[in-house]
1. Tell me the residue from LEU272, LEU251 that is in contact (Cβ under 8 Å) with a residue 24 or more places away in the chain, under 21 Å from the mean Cα position of the chain (by Cα) and surrounded by fewer than 18 Cβ atoms within 10 Å (Cβ to Cβ), please.
2. I need the full set of residues from region 78-89 which are within 21 Å of the chain's Cα centre (by Cα) and assigned to a helix (DSSP H, G or I), in order please.
3. Could you please tell me which pairs satisfy a Cβ distance under 7 Å, a separation of 6+ or placement on different chains, a first residue in region 79-106 that is under 21 Å from SER180 (Cβ atoms) and open to solvent by 40 Å² or more (accessible area, probe 1.4 Å), and a second residue that is among the aliphatic types (A, V, I, L, M) and at pLDDT below 90?
4. Write out, first by first residue and then by second, each pair whose Cβ atoms fall under 8 Å of each other, whose residues are 6+ apart or on separate chains, and whose first residue, in region 349-363, is closer than 17 Å to GLY33 by Cα while the second is among the polar types (S, T, N, Q) and surrounded by 12 or more Cβ atoms within 10 Å (Cβ to Cβ).
5. May I ask you to verify whether LEU383 is part of a helix (DSSP H, G or I), modelled with pLDDT of 90 or more and touching an Asp or Glu at 6+ places or on another chain (Cβ under 9 Å)?
6. Are there any pairs with C-beta distances below 6 angstrom linking a residue in region 32-51 that is in contact (Cβ under 8 Å) with a residue 60 or more places away in the chain to a residue that is of a type in the set (D, E, K, R) and surrounded by 15 or more Cβ atoms within 10 Å (Cβ to Cβ), with the two at least 6 apart or on different chains, and if so which?
7. Could you list, in sequence order, the residues of region 172-195 that are surrounded by 21 or more Cβ atoms within 10 Å (Cβ to Cβ), of a type in the set (Gly, Ala, Ser) and within 10 Å of TYR158 (Cα to Cα)?
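The values are calculated or read from the model by the stated rules, or taken from the named source; none is laboratory data. What you see is a predicted model, and the numbers here were worked out from it, not measured in a lab. Virtual Cβ from ideal backbone geometry, glycine too; neighbours counted across all protein chains shown. Quick note on the areas: whole protein, heavy atoms, side chains included, nothing else; ligands and nucleic acids left out. Shrake-Rupley method; radii C 1.70, N 1.55, O 1.52, S 1.80 Å.
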Amino acid sequence: MICHSCNSLSFFSSKLKGVRWFFSNPTCVFLLGLAVVVLATTLEVVRGRNTNYFDYQDSTRMFWEGLSPYTMEYAQAHAIYFLYSPVFSVIFAPIFYLPWWLGPYVWNVGNYSLFALAIRSLPALTERHKHWIFLFLLSVILQTVFCYQHNIIVAYIYLFAFILLERGKAFWAVFLIMLSATTKVYGAAELAILFCYPKVWRNFGYAALCGAFFLLLPALNTSFDNVFVLYQQMFDMIASHHSDSDFVGILFARGLKPFLLPNYRLVQLVVLGILGVLFFWRYKRWGNLLFRVQALGVLTGYMILFSDCPETHTYIICLPFYAAAFWLQPKRTWYDWTLFWSLVVNFCILPTDVLCPAWLHDYIHQTFWVDVYTYFICWLLMLWRAVGPVHSSQFIIHSSQL
């Protein structure tokens with residue numbers, strides 16, 4: 001009996017070691033995620049449920065046929081507003097012209113692989129820390145990929161632009177920022193970080209040139225008498241786009257919604273103004289890598305938390321910079337770890353149907369809003385560490401150390 005118990009314990013111990021080895025191996029984790037991406041893409045293509053991809057496909061087809069997707073007729077037919085710029089229809093064209101069954105795989109596998117590459121290329125972090133960041137984000141990545149979301153592109157462009165700026169390749173960093181900005185407005189916010197790097201006005205000049213280049217790209221389509229009218233139609237559609245749903249942001253959070261949501265534009269502008277003042281007040285820290293990562297974490301966190309319509313998978317834009325700042329900290333306290341694991345539960349486990357029943361996630365989110373409040377606390381803490389009193393052990397990573 002004793003020998004049998006010992007054998008059972010030994011068996012489970014060896015299995016546990018195998019699991020730990022698997023999830024500690026970056027290649028194994030990447031391939032696991034890739035397998036899930038391929039499987040999920042196959043299921044959605046076979047069932048014809050890749051609706052976001054159909055939206056990209058149909059809007060691109062209409063654009064090249066000389067028709068505008070920025071109409072209420074399009075929104076009613078597709079049950080979704082098309083809120084991307086005409087630049088998107090130009091960039092998406094190579095995927096659109098692929099065979100109907102191949103395009104979704106190129107979109108999902110390509111986005112997954114590029115995001116993984118961006119995490120692997122982050123500066124100053126150890127390989128182990130990069131792996132933990134990717135593992136932390138894996139569930140959120142898969143949620144985004146499963147829905148064919150564009151947010152993952154915004155996320156890895158943010159990351160690649162930051163990496164290029166750290167490597168002194170300002171032009172290509174700005175090129176990516178403006179590619180993102182002229183496709184979906186989220187990307188434009190990263191221009192603020194240019195103040196932290198040398199030759200700031202030259203870089204803003206690059207931004208003007210690259211922005212003009214991308215905005216002129218739709219003129220390649222000669223099917224329109226005046227293709228630039230589409231930009232006005234897009235802004236009109238964005239202005240008319242509204243929903244009665246409670247989105248996953250601080251403006252909609254239980255307890256704050258009655259005060260914040262009726263005045264949401266004022267709230268957004270006041271918070272942005274405060275962040276701008278704090279950023280320029282701490283200009284002496286701009287040369288510090290940890291500050292720059294925290295600044296991007298605060299900026300992207302603001303964009304999602306105070307957005308008009310954030311969803312759980314939208315947090316893929318801001319969580320990478322939170323995670324990078326977390327691992328770059330010289331010291332992590334017990335409350336850092338408590339908040340970190342709370343994020344894991346609320347953004348990685350509960351929203352994943354395979355790991356948690358949808359009804360349970362909906363109940364916890366809609367009753368307690370613990371996901372939004374947890375990230376809001378993390379965001380405030382990151383802001384405090386970026387602009388608050390300097391501790392001798394905190395700001396130790398400088399550009400000269402890269």
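1. LEU272 is the lone residue from the list that is in contact (Cβ under 8 Å) with a residue 24 or more places away in the chain, under 21 Å from the mean Cα position of the chain (by Cα) and surrounded by fewer than 18 Cβ atoms within 10 Å (Cβ to Cβ).
2. The answer is VAL87, PHE88, SER89.
3. That search, which allows pairs on different chains as well, returns TYR81/ALA75; TYR81/MET237; LEU83/MET237; LEU83/ILE238.
4. Here the result reads ILE349/SER139; PRO351/SER139; PRO351/GLN143; PRO351/THR312; THR352/SER139; THR352/GLN143; LEU355/SER139, each pair linking region 349-363 to a residue that is among the polar types (S, T, N, Q) and surrounded by 12 or more Cβ atoms within 10 Å (Cβ to Cβ).
5. So LEU383 fails the test.
6. What qualifies is ASN50/GLU44.
7. ALA173, SER180, GLY187
Matching residues to (1) among the aliphatic types (A, V, I, L, M); (2) in contact with a strand residue (DSSP E or B) (Cβ under 7 Å, 6 or more places away or on another chain); (3) crowded, with 18+ Cβ neighbours inside 10 Å; (4) within 25 Å of THR183 (Cα to Cα):
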residue: LEU16; (1), (2), (3), (4): yes, no, no, no
residue: LEU34; (1), (2), (3), (4): yes, no, no, no
residue: VAL38; (1), (2), (3), (4): yes, no, no, no
residue: THR51; (1), (2), (3), (4): no, no, no, yes
residue: PHE54; (1), (2), (3), (4): no, no, no, yes
residue: LEU67; (1), (2), (3), (4): yes, no, no, yes
residue: TYR70; (1), (2), (3), (4): no, no, yes, yes
residue: TYR74; (1), (2), (3), (4): no, no, yes, yes
